1. Among (1) farther than 25 Å from Leu289 by Cα; (2) at pLDDT below 90; (3) touching a strand residue (DSSP E or B) at 6+ places or on another chain (Cβ under 6 Å), where does Leu227 come up short?
2. In region 373-403, how many are of a type outside the set (A, V, I, L, M), touching an Asp or Glu at 6+ places or on another chain (Cβ under 9 Å) and crowded, with 20+ Cβ neighbours inside 10 Å?
3. Select from region 64-100 the residues that are assigned to a loop (DSSP other than H, G, I, E, B), buried (at least 17 other Cβ atoms within 10 Å of the Cβ) and under 27 Å from the mean Cα position of the chain (by Cα) and list them in ascending order.
4. Can you tell me which of Gly457, Gly445 is closer than 15 Å to Leu488 by Cβ, modelled with pLDDT of 95 or more and out of contact with any strand residue (DSSP E or B) (no Cβ under 6 Å at 6 or more places or on another chain)?
5. Pick from region 477-492 the residues that are of a type in the set (A, V, I, L, M) and buried (at least 23 other Cβ atoms within 10 Å of the Cβ): which of them is nearest to Gly528 (Cα to Cα)?
6. Taking region 523-581 on its own, how many of its residues are among the polar types (S, T, N, Q) and touching an Asp or Glu at 6+ places or on another chain (Cβ under 8 Å)?
7. Just give me the residues in region 560-570 being in a loop (DSSP other than H, G, I, E, B) and either out of contact with any Leu (no Cβ under 9 Å at 6 or more places or on another chain) or among the basic types (Lys, Arg) (or both), in sequence order.
8. Which of (1) touching a Gly at 6+ places or on another chain (Cβ under 7 Å); (2) not in a loop (DSSP other than H, G, I, E, B) is the odd one out, the single condition Thr503 does not satisfy?
Amino acid sequence: MLKLSHLAVLVCSLSIVSLSWAGGFHEDTLFNFNGTPEGIVAGPDGAMWFTDSQNQAVVRLAADGSFRPFPIEDSSGAPGPITVGPDGNLWFIEYFSASIGRATVGGEVTVFPVPTLLLRDIGGGPDGNVWFTTAIAAPEVGGTQGRLGGALGRITPSGTVSIFPVRREVYSLAEGPDDALWATSYDSLVRVTTGGQDQIFPVETEAGDITAGPDGAMWFTSRCFFLLQAETAGISPPCRYGIGRLTTDGRLTRFLQDEADHDTVSITRGPEDNLWFTRADGRISRLNLAGTVDDIVTLSEGVATDITIGPDGALWYIVRPDEGPAIQQQPRNRIGKVNSLAFGFIDIANSGPLGMAPGLNGSVWFTDVDGDRVGRLDRNGGLIQYELGGGRGPTAIAAAPDGGAWFTNFDNGTIGRITPDGEFVEFALPFPDDVPGDIVRGPDGNYWFISGISSIGRITPQGGVRIFPLPSDEAVPAGITAGPDGNLWFTELLANKIGRMSTDGAVVEFSIPTANSEPNDIATGPDGALYFTQSRIGGLARITTSGVITQVDVPRRLGSPRDIAIGPDGALWFSIAGAPLAPAGAPGAQLQVAEDPPAPTQLGRMARDGRVTTFDLPFNEANPAGIAGSDAGRLFVAMYDSSGIAAIELVAAEPTPTATPTSRTPVATPTGPSTCVADCNGDRTVSIAELIAVVNIALGNRALSTCEVGDVNRDGTVSISELITAVGRALRGC
C-alpha cells in the first residue's frame, strides 16, 4: 500500500440553511393569456394543455411559454375541465352544449353529444375509458318537479356514451385507488363502480375538489360554493374545515380549521407525494399527511382555480382575476407554475463533483474528480474538502461505519481510504490498467468495486485486494450495490445484463429482456427488489432477488437516467442527463413536437407505490451525477458540469396521518351485484370455476348472462384484456 502524508485540509464553512429554502428557491412563473382558461392538464407530448372558454379553443402551452390555440369549430359550449384519455388524446367537456370534445396533440378536434342536462367534470377511469360527472332530470319525488339528479357518464375512446344515475348531485371527479370513481357532492363523497353501483359517505361539510392521495385515501377541499342551493333544497351541511381525507372504508380526517374567507378551491397529489391545494385568498399551499401546511405562493392579485402536475415536476395552475370592484376593465387571466421542490446550490470553485454517498449523523460524502479532492457536507451545511494531490481522479465513494469513507481513483487505479479526521491511505490494485469505478460497502464488511471492463474487485478494511472475473467478456460493469439478500448486485452496461455475486465471488448473470438498454446504476428499493436505470432507452427497470426483470411504467422517455439511490423520504431518486427523444415505438417514447426545446436535465423520483415523476433542474449546463440523501431531510446531487452540488429540501408525505379531529362514518353497503371482475356469485373471490366460465364466454361457448361481471367495459363481449384482469383478481383477490 502507499501511505500518503497528512495533506493540508481545506475547510470552507457554508450554511445550507442560509440558501432560503423556505420560499426563495420555489421558483414561480406567470404567463399572461388573452382568453379565459378553464381546466389544465399535462399532455402526452410533454406540454401543458388547457381549454379557453372565451375563444372556444383548446390551447397547447409549450415549455418555452408559447401558446398554440386549436379552435373548436361550430362550438358555443364553453369548454371546461380537460383530461388525458387512455388513447393519448385530450378529452374535455363543454358546459353549455352538453357535449364532450376530443383533441389530438396535432389539434384535430371531434365533438360528441351527450344526452344529459349539464356536464361538470371529466377524468380517466380504471377501465380504460373516460368518465364524467353530469346532471340529469330527476324523476318526480314528493310532488317536486324540475329537480336535478346526479349521474356519472362513461365515454369510450370511440365516442360511445353510457349514463349511470346516482343518488346525489355530483361535481368534481377522480379515479380512486380501489378501481372505482369518486365524486364530490354537497354533503358527501360518492363512490361509483364502473358498473354504476354507488355508495354514499357523509363528510360533514360541502366537498369541493377531489384527488387520490399517496396513502390510498381520497383527499378533498371543503367549501360553501353550493351552500345556498343546498339550503334551498332543505339541506344545511356544516361549512368549511379546509381539507378532508376519507379512506375507502369510510374513515374521515379533517385538516385546517380555517377562517371563513380561506375557502380551499382545488387540490392535487404533488409529484413529491404531498397534497397541493389552492385557496380563495390567493395562496397556493402544500400539505403533508401529518397535517403540516406550508404556504408556497401568495398571488398579489387573482385566485388559482385549478392546479395539476406538469411534466417538469412543477405545479401548474390557472389564475383568474379577483371578483368585485377591484377588477380592471380588462382583467388578466394567467397560467402559473411553481417548482414543487425547493432548490439550493453549493458552489465549489474549480470542481467536478461526481460520486456521492450518505455518511453518519446526516453527513454526505462526495468525490471531486476534476479537483482531485473528496469532500464532506455535515448535517448543518458545513463543507470540508480534502486535497488528494493531482493525478488521482476520485470517482465513486462509500461511507465507512467509523465516519470515514472509501473511494476509487480512476486516473491512477487505486483505492483510497479517509478517516474521520482526514488521514489518507491509498491502496494499489494488482492490475493497474483495470481502473476502478463504483464502490459499495458489502454485507460482509468489505468494500466491493467495479474493476475494469470485465471484473469486480473486493478490498478488506486492512487493504487486502482480490479481483473476480465476470463470465461475460467486455461486460463493462457500471453500478454496484449491496442487495437485500446478502449478495452484491451490479449492472453490465454493454452485456445488457444484471449480475449477482455472492461474497465468495460466485456470479449469476440475468439478461435484460429489453435490448440495448445499457443498464447504468442499481439500488435496492423500498419493496425489497432492486431497481436499475437504463441510460440508452430512457427507462427504469426492476429485478427481484430471484432474477425476474420487469420494466417500470414511466410517463414518458426519461432522457438518459444515470445514478440511483434511496432518498430521505423513502423514495428512489435518480439523475437524468438530457438526451434526444426515443424513436417512435421505443419503450417510453413520447410524442415529439418540432418547436419544443431539447429534453432538459432532470431528477426522477419513483414513489413507494411505483409512480414515477420527473423534475426539471433549474441550473444552467447541468450534468447531474451521483445522488445521496441525508437523514436531515435533504437530497444532494453532484452537478459535474456546474461545479457544485444541488441541495434539495424534501418535505415528503408522512407514512401515517396524525391530524385531528377524526370521526368515523358508517361504511356504506354496496348496492347491486359485485363488480369484482369474474366474481360471478358475488362472494368477493374469483374461483377456478368462475375463471373457466369467463373463458367460455370469451370463446362463445356460454352466454354473457352466465357471468356479466366478466365484461368490464359493458360492450357485450369478454376480451383478452378482461380475461387478464379476471386472472389478476383470482390471484390477488377482490
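The values are calculated or read from the model by the stated rules, or taken from the named source; none is laboratory data. Note that this is a predicted model, so its numbers are computed, not measured. Glycine gets a Cβ as well: all are built from the backbone with ideal geometry, and neighbour counts include every protein chain shown.
1. That leaves (3) as the condition not met.
2. 6
3. Within region 64-100, Gly85, Asn89 qualify.
4. Just a single option satisfies the conditions, and that option is Gly445.
5. By that ranking, first place goes to Leu488.
6. 5
7. Passing the criteria: only Gly570.
8. (2)
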